Amino acid sequence: MKVAIDGFGGDHAPGEIIKGIIQASQGGGPEVIVTGDSEALSKEFDRHGGKPGNVEIFHAPGLVGMGEAPSKVLREKKDSSLMQCAQLVKEGKAQAFVSAGNTGATMAAGIFLIGRTPGIERPGIATPVPGIGQMALLIDAGANSECKPQNMIQFAQMGRVFMERIHHRDNPRVALLNVGEEAKKGTKIYQEAYEELGKIEELNFIGNIEGRDIFTDTSDVIISDGFVGNITLKVMEGAGKTLVDLLKTEIKKSITSKLGALLMKKALVTLKSRMDYEEYGGAPLLGLKAPVIICHGSSSARAIKNAIFVGQEMVEKRVVKTLEELF
């Protein structure tokens, strides 16, 4: 199998992309096709000791800006590194697609070039969420601002398959993110989704959870529409950064605090690792005919490496095939 990677997607491209590819190749990763300006990519590989034998460069000189409209990218940027990644998957020359570039354009390329899984109305972004116990999966985290109950049911089924196949959770607990635990809480759409989710025998639906429950290891798959999911995700990112900044400020205030931080260094490093999104690489866009992994725009080499492995594992564990059979 081969994974196509957008060599010029992201805030730190192509440097961090190339380093991530090299790290993946050293860790026994799959064959990789990296798209972008071939001369620039070759020079970047030379800066880091040369191109690994399992890596191929595909010339795609066009660039997609982080703020460009997806419709414009689809019409006018067919030669871009991002669009050519999706094209390689469409043509069967690669089996998965990874990008840290423009999220909207990545989603559009996935939907219109690679295509939806038959039976799935809307793909959903499945984002790993750290917690006290194991991580959970939040879906949808921003692909669909408005959803119907049927969309949320499909998110739940896709999330269940992903957690079973990739994170080895038997009978994962599925919860609906809502403003209260009672069945009649939330909008009409959420109430209808609650009722329908409870009727699906193969789902271990545990009911509604509130925002405060996200990190408490009460569920494995957390369902929401993309509007609520994306706000939740951004609040978590902001709160995490604020907490780290406040902690640093307090530590610097006294010698005692600095000594305490030194004694707690191992625990703090472990905590940082558990909260680090780069540990999971990226968020898969579930519901397409091939794995598409959306990485954070500021992804480092470590995140890119892990995203490559997520794409590889999704192919090897037949996640897409399982969803096709399910729907």
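For region 231-310, the Cα-based Rg and Dmax, in that order, read 16.5, 57 Å.
Rounded to the nearest 20, the Cβ-based charge dipole of region 105-191 about its Cα centre (Lys and Arg +1, Asp and Glu -1) stands at 120 debye.
Pairwise Cα distances in the chain exceed 27 Å in 45 percent of cases.
Dipole check for region 230-327: with +1 at the C-beta of Lys and Arg, -1 at the C-beta of Asp and Glu, and the Cα centre as origin, the magnitude is about 500 Debye.
What's the FRET efficiency of residue 47 with residue 189 using the Cβ-Cβ distance as r and R₀ = 51 Å, to the nearest 0.05? Efficiency at R0 = 51 Å is approximately 0.50. Ligands, DNA and RNA are left out, and with a 1.4 angstrom probe the accessible area of the chain is 46 Å² per residue. Each peptide in 281-288, 169-176, 56-63, 105-112 gets a packing score, the mean of other Cβ atoms within 10 Å over its residues, and the list from highest to lowest is 281-288, 105-112, 169-176, 56-63.
Send over the Kirkwood Rh of region 195-234, from the inverse of the averaged 1/r over different Cα pairs, rounded to one decimal Å. That comes to 11.5 Å for region 195-234. Note on the chain: with neighbouring protein chains present and a 1.4 Å probe, carbon and sulfur make up 55 percent of its accessible heavy-atom surface.
Computed on region 64-181, the Cα convex hull volume stands at 146 Å³ per residue.
Over the C-alpha atoms of region 122-262, the Rg to Rh ratio, Rh being the Kirkwood estimate, stands at 1.09. Packing, as the average of other Cβ atoms within 10 Å across residues, places the peptides 192-203, 246-257, 85-96, 303-314 in the order 303-314, 85-96, 192-203, 246-257, highest first. Counting 0.36 nm for each residue step from residue 93 to residue 227 and taking away their Cα separation leaves a gain of 44.8 nm.
Beta bridges per DSSP, both residues in the chain: antiparallel share near 25 percent. Per the Kirkwood treatment, what hydrodynamic radius in Å, one decimal, follows for region 24-84 from the mean inverse distance over all distinct Cα pairs? Final number for the Kirkwood radius of region 24-84 is 12.8 Å.
Beyond 25 Å in Cα-Cα separation lie the following of the pairs 2/305; 184/241; 148/185; 241/305: 184/241.
The values are calculated or read from the model by the stated rules, or taken from the named source; none is laboratory data. These numbers were taken from a predicted model, which means no experiment stands behind them. As a convention, Cβ positions derive from the backbone with ideal geometry for all residues, glycine included, and neighbour counts pool all protein chains shown. SASA here: full protein model, heavy atoms, side chains in, ligands and nucleic acids out. Shrake-Rupley method; radii C 1.70, N 1.55, O 1.52, S 1.80 Å.
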